[in-house]
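**Q** Structure in structure tokens, see below.
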Amino acid sequence: MRRLRRHLKRVLPFAVSAIALAALFANVDLAAVVGALSWRMAGIVVPTLLVYGAVTLGLESASILRLLGPNAPGFRAGTAARIKCASYLLGIVNYALGVAALSVLLQRRAGIRLAESASVVLLISGLDMLVVLSLAATGLVVSGSQTPTAWIVVLALGGLGLFGGMALLRAPASLGPLERIRSLAFFDALRTTPLRRIGEVTLLRVAFAGAFLTVAGIVFAAFDVVPRVSELVVGILVVAVVAALPIAVAGLGTGQLAFVEVFHGLASRETLLVISLVLSAGMIVLRVGMGLLFAREFAREALAQSRTEDA
């Protein structure tokens with residue numbers, strides 16, 4: 001039974017992606033989808049993705065190094081970048097697997113406990129979510145739309161919940177029965193990292209989100225579609241959250257469904273589907289390339305460790 005569950009976990013994302021993509025392609029004009037592609041588009045998108053890969057890898061490395069601080073004096077930016085590349089390879093199959101891979105590799109290369117490395121990864125993920133919620137809520141407010149009130153409330157509550165949880169972990173007063181949970185090493189980074197350092201990493205994550213939004217805007221422009229800035233911010237971040245759900249391979253299929261629905265008023269379904277596929281496929285190829293070029297041995301190490309833990 002355990003082996004069956006493990007196989008299902010590996011096969012299910014591929015099945016979900018295939019079903020979602022099949023449903024999309026069944027309702028579009030395939031000739032129009034193919035016709036939307038051009039060498040001009042490739043000449044814009046490919047260099048943009050290469051620059052994005054270099055910039056964001058530097059931001060990822062800097063975020064990890066800033067949170068580790070003096071706890072890992074021999075840990076270098078190059079190593080941080082390479083283990084992040086390794087996590088890209090596994091994260092394509094499953095977001096949670098990528099997170100686990102980064103935690104394991106960080107623990108081994110930085111010489112810290114696994115719970116401590118996981119706490120660093122958790123803090124970065126938490127800050128990313130705060131940034132996404134904040135930018136999305138701001139975009140909804142700025143857009144001036146008459147319909148987003150409920151969404152603003154949901155996003156605000158989500159942001160306040162995350163911020164409140166972090167604040168609770170750092171509270172000087174005892175949490176009573178919850179104190180044992182707060183004292184777990186898994187929450188070390190959330191609990192003990194100086195606020196100034198958290199602020200610096202938050203700025204790095206804002207820059208990361210900004211880089212992704214910039215790439216998305218350039219891909220839209222490559223197809224002669226120009227959304228409003230607020231519309232782009234809200235739509236892309238909503239799609240990114242859907243695509244990050246660990247139910248499909250790198251968000252393929254689920255991300256396209258969300259993309260076509262969110263931006264339905266900007267262009268035809270065929271054009272929106274092509275834009276989404278180019279953006280998603282470009283990111284996948286970029287990350288696979290980075291992983292294979294810089295971190296194949298790290299990815300094998302993390303995968304072997306995950307299989308050992310599953311056995």
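**Q** What does the charge count near residue 24 come to, summing +1 for each Lys or Arg and -1 for each Asp or Glu among other residues with Cβ under 13 Å from its Cβ? All intermediate terms of the calculation are to be shown ahead of the outcome.
**A** Values: positive: 269; negative: 29, 261, 270.
Result for the neighbourhood of residue 24: -2.
**Q** Going from most exposed to least, what order do 180, 300, 40, 197 have by accessible area with a 1.4 Å probe? Intermediate results must be reported in sequence, preceding the final value.
**A** Working: 180 195, 300 150, 40 125, 197 50 Å².
Output order, biggest surface exposure first: 180, 300, 40, 197.
**Q** So what does log10 I(q)/I(0) come out to for the stretch 39-137 at q = 0.14, 0.15, 0.25 Å⁻¹, using the Debye formula with one equal point on every Cα and no solvent?
**A** -0.59, -0.66, -1.35
**Q** How many Å² of accessible area per residue for the stretch 33-82, probe 1.4 Å?
**A** Details: 2540 Å² over 50 residues.
Roughly 51 Å² per residue, with all protein chains present.
**Q** What FRET efficiency comes out for residue 285 versus residue 180 if R0 is 35 angstrom and r is the Cβ-Cβ distance? Round to the nearest 0.05.
**A** On the way: r = 45 Å, r/R0 = 1.30.
Step by step, r from the Cβ atoms, then E = 0.15.
**Q** For residue 116, what is the net charge nearby, where nearby means another residue's Cβ is under 14 Å from its Cβ and Lys, Arg count +1, Asp, Glu -1?
**A** Details: positive: 108, 109, 113, 191; negative: 188.
For residues surrounding residue 116, the net value is +3.
**Q** For labels at residue 221 and residue 125 in the simple 7 Å Cα→Cβ model, what's the distance in nm?
**A** Label-label distance for residue 221 and residue 125, simple model: 3.4 nm.
**Q** Let me ask another. Please report the accessible area of residue 19 (heavy atoms, 1.4 Å probe, ligands and nucleic acids excluded) in Å², nearest 10.
**A** Residue 19 exposes around 120 Å² with every protein chain in place.
**Q** Could you please report the charge total around residue 87, scoring K, R as +1 and D, E as -1 over all other residues with beta-carbon less than 11 angstrom from its beta-carbon?
**A** Working: positive: 82, 84, 287; negative: 60.
Taking every Cβ under 11 Å from that of residue 87, the sum is +2.
**Q** Rounded to the nearest 0.05, what FRET efficiency is calculated for residue 77 and residue 42 with R0 set to 22 Å and r the Cβ-Cβ distance?
**A** Computed FRET efficiency for residue 77 and residue 42 comes out at 0.10.
**Q** Still on this structure, please answer the following. If a paramagnetic tag sat 7 Å from the Cα of residue 268 along the Cα-Cβ line, which residues of the stretch 27-45 would have the backbone N under 12 Å from that point?
**A** Backbone N within reach: 28-37.
**Q** What figure in square angstrom, to the nearest 10, would you give for the accessible area of residue 297 with a 1.4 Å probe?
**A** The value for residue 297 is about 80 Å².
**Q** Report, in whole Å, the centroid distance computed from the Cα atoms of the stretch 11-40 and the stretch 103-143.
**A** Using only Cα atoms to place each centre, the spacing works out to 31 Å.
**Q** Here's a follow-up. Just the number, please: carbon plus sulfur as a percent of the accessible area of the stretch 1-143, 1.4 Å probe, no ligands or DNA/RNA counted.
**A** Numbers: 4960 of 7160 Å².
Result for the stretch 1-143: 69 percent of the exposed heavy-atom area is carbon or sulfur.
The values are calculated or read from the model by the stated rules, or taken from the named source; none is laboratory data. Just so it is clear, the model here is predicted, and its values are computed rather than measured. Every residue, glycine among them, receives a Cβ derived from its backbone with ideal geometry; neighbour counts consider all protein chains shown. Note: areas computed on protein heavy atoms with side chains; ligands, DNA, RNA excluded. Shrake-Rupley method; radii C 1.70, N 1.55, O 1.52, S 1.80 Å.
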